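The values are calculated or read from the model by the stated rules, or taken from the named source; none is laboratory data. All values derive from a computational prediction rather than experimental measurement. Note that we place each Cβ from the backbone using ideal geometry, even for glycine, and neighbour counts take in every protein chain shown.
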């Protein structure tokens, strides 16, 4: 095509010949509309020095440049249009041709009002579309040969391509035409491929509509005598009605049609939606397009820049083609320079999408604006509620479905609606210009109000069915949270009360289905400074995320509320933020959030503004952060100091004992852990929530005290209890605790079933912390059972999870499992891992973990035949005053075995 265009310029003898070159160049890149080209030329001219800058052209001016019959032609515009079409290399040839034509005094020639261009058979250079083309070609050829492409003889064979602007429909259609032609050319009669761009569908609303009969007549005038078979590529067919008439007037042809709309035709042998390129394929196309056009930089910088350019282009081939053309006009630029330029010129690669937005009806622009501004995936109800109070739209859901038909919006399998990233970016920038912040705030307020009212009702129904009932957040009701009852009065908000679920399982499923919209709505509300809506949604849904172990969602809600929620609730939001950060092992973030909470609580106490979190509660939070993130001995010191304070209430003491049980266990103080368990369980009726923690840790305390029969009984009771109630994480930990008791009894086969159950549930819940906890023990047990392949698979899952799970206990668990798994085949590396575990357990005062590491290291040395080395960790264990009774007994038994 490049040589054809250059040759056509050399042969040009009239202004119409120059216009024809422009038409061919436009066809080669998929017929971008005149509005799009006007914007591209404007962006190109804006980058030039002021002294050489030309004014931006209008759409009509660009349209006129492509019209035949001109007596004058702006050569600067021709050159800029070629550059915008990716043919900067032809601009000098075009200027030379223009000078020659003016010297020779040519006059315009007559041309048809519809441009029909011959297309030679071509292959697509888009990455990884060969398989796609192969399948499409087979379908068309099958219809051509067997007559299955029409409902009656003589009808056209139709292949239909739809997709968003610039996605590569025209290129793929031309490639398909070439493939089909290569297969059937010369078999029975001559073959010719024609291309027609129907300008009416490209957004050029000032143009008169082209009638299908006129299109057919233009094809007939162009077709050679002798009955040659025709393959006709028709770009931008605007409607189902136009398509039906075109089929009626083009019998016997092979029609390959493109459209931005989702056209439907029962006669189509191919009805294919062209998707944007994947990031990988976009990068491949960029690399091919930019070869020799940019200055090479460092491999790392160029790789990063390519990734960013692939993201900016959104996988839209037209954007990549235009980028390559712009690169040709900037020799010596690095890839990073193009990234910086395009980041500054946000519209530079998406003019087609801005144009597609501009031609939408005003009501559909409002729907698209909401979808683009909202970072989540909304459903029909969400859109209806958000826009119910908008006077500019009467049927939001109907317009939403129109956008789907226009290929601007995608409906997903779960019934929600989404936008491609590049569509979202373009539509968001336009929406930000078209809709004032006040309008956006109304949309988000109405959506948040409805969502909060419904979620509050559904969670209340779910919590009431739990045993014990799930505790209400302290910041509810009398603490100043705005009454939620007014939120239920919003239009559409609660008129479906009867349809909301009532059964516990259905309630939880419903809440899981809306949590994404809730989190993203809070993000948007925070951006729009809607502090009330942020606080309400975070408070309503926070307890559900705790129960459901949706820690990432809970953290997102709490973090936004802590920084953008109501000032009167900021203290409680900081406390929730600290807890959620700790659950994700973000200990520094948790400590910072808790520090801010304590500062606000102290001020509230001094000013008499109550209630506030108790000192005991804040001390317990601080102790847990210190223990899980840093040192358990320091955490226990803080807890013991809090327990000795005379100002704490009985309720405070129950809470402090419950929060300290795990710390006592991990620090190798099972007797203290047992005492705290008994203290809490004796007050279970008044402290049901804290009793759950005692039930969970009781089997471990009894196990380390070497009271294994009691530990097993407590473990089985705990597992049965949590199977019926409690948060999902507890249903993972309870069987894991019982399995550890069975391992201590030497019943590894029975323990395997429980480890497998806990690990599988952790994977299903996608909880990285639970995966590492349960999976690490599972690996060690599998290795002891000789099931090394299963252990390797389990360790791989733990490795993936460990990237998102941090903290000394988790780290020691994972590293120990890895050492045990490597021991049979990589002894040197395994020993280094054992030593690393010893150091980390000692540094964190993790006495329970230290015992496990010493026993595992001894077993490793014994298997290698290093008896003296195997005795060392066992003797160290017996000399350790913090060693538990179970650890001492096991060490004594193994020393006796080694002595035989």
>> Given the condition under 30 Å from residue 585 (Cβ atoms) and part of a loop (DSSP other than H, G, I, E, B), answer yes or no: does some residue in the stretch 821-838 qualify?
In response: yes
> Which residue out of 89, 76 is modelled with pLDDT of 80 or more, in contact with a helix residue (DSSP H, G or I) (Cβ under 7 Å, 6 or more places away or on another chain) and part of a helix (DSSP H, G or I)?
Replying inline: 89
> Assuming residue 615 fulfils every condition listed in (1) surrounded by fewer than 24 Cβ atoms within 10 Å (Cβ to Cβ); (2) touching a residue at least 60 places away in the same chain (Cβ under 8 Å) apart from one, which condition is it?
Replying inline: (2)
> Just checking, which of 701, 694, 658 is closer than 15 Å to residue 624 by Cα, crowded, with 23+ Cβ neighbours inside 10 Å and outside the structural domain of residue 748 (by TED's automatic domain parsing)?
Replying inline: 658
> Does residue 668 satisfy being farther than 22 Å from residue 587 by Cα and part of a loop (DSSP other than H, G, I, E, B)?
Replying inline: yes
>> When you scan the stretch 34-46, do you find a residue that is surrounded by fewer than 23 Cβ atoms within 10 Å (Cβ to Cβ) and without any contact (Cβ under 8 Å) to a residue 24 or more places away in the chain, even just one?
In response: yes
> Mind checking which residues of the stretch 235-266 are in a loop (DSSP other than H, G, I, E, B) and closer than 24 Å to residue 408 by Cβ?
Replying inline: 236, 237, 238, 239, 260, 261, 262, 263, 264, 265
>> Every residue in the stretch 817-834 that is in contact (Cβ under 8 Å) with a residue 12 or more places away in the chain and more than 35 Å from the chain's Cα centre (by Cα), please.
In response: 820, 823, 824, 827, 830, 831, 833, 834
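Determine whether residue 239 is assigned by TED's automatic domain parsing to the domain that holds residue 138 and touching a residue at least 60 places away in the same chain (Cβ under 8 Å).
no
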